[in-house]
């Protein structure tokens, strides 16, 4: 039976799972991250240099995933926090804590707190509270995540995804099959609109993060970076650095 050209997973279930810690406790992260790309890790390391953290102190990375940044940094004390035990098993250095970021607390002041593509997995209404709680005992903060987009960018996202499906699905197919696929892509536009709306919810509003951290006494800077995954999927990331004044 021919495959339907629609978003890869039912939208409601996918979004529900995205915000559910139990889902990430039992499944190894499958989506590509900025830190898994050599150029992405280089961008993050460059942003980190502006914070000038003291390596004689301690540092915490929340959401280390497959490419923990803190493992490569010369801090005296390192702590890695993740809800997924498989992620922690792959880390061969430092202290490892299995915890949800919403329940994790810093007991002592840390030189650097890294939040690596974790806020995307927290409902938007809880993100500011989580960051502010960690900021209380952090001298510097580095946040990496996917950037939210405007309604205009949502339309561009839909058009890009549909055209990407055309490039992947149509070549080398018989003409009747191409006609069927093109019809399904057109009919699926409403599904893509719903998918884009849910994508927007999963992405992070860095302007709100900036305002919140400035109120807490931090000097904040963040930059936007565009990437293209091997499967041609386009992503927009933001890298935020915050240093206590």
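At what distance in nm do the modelled label points of residue 66 and residue 126 sit from each other, each positioned 7 Å from its Cα along Cα→Cβ?
Going from the residue 66 label point to the residue 126 one covers 2.6 nm.
Apply 1/(1 + (r/R0)^6) to the Cβ-Cβ distance of residue 207 and residue 89, taking R0 = 35 Å, and write down the FRET efficiency to the nearest 0.05. Walk me through the numbers on the way to the answer.
Values: r = 37 Å, r/R0 = 1.05.
After rounding, the FRET efficiency stands at 0.45.
If the chain between residue 216 and residue 159 were fully stretched, how many nm would it gain, using 0.36 nm times the residue separation less the Cα-Cα distance?
16.6 nm
Tell me, in nm to one decimal, what length is gained between residue 107 and residue 20 on full extension, where the rule is 0.36 nm per residue of separation less the Cα-Cα distance?
Contour length minus Cα-Cα distance gives 28.8 nm.
Bear in mind these aren't lab numbers, they're just calculated from the coordinates by the rules spelled out. Quick caveat: nothing in here was measured; it's all calculated off a predicted structure. Ideal geometry is used to build each Cβ from the backbone, glycine not excepted, and the neighbour counts take in all protein chains shown.
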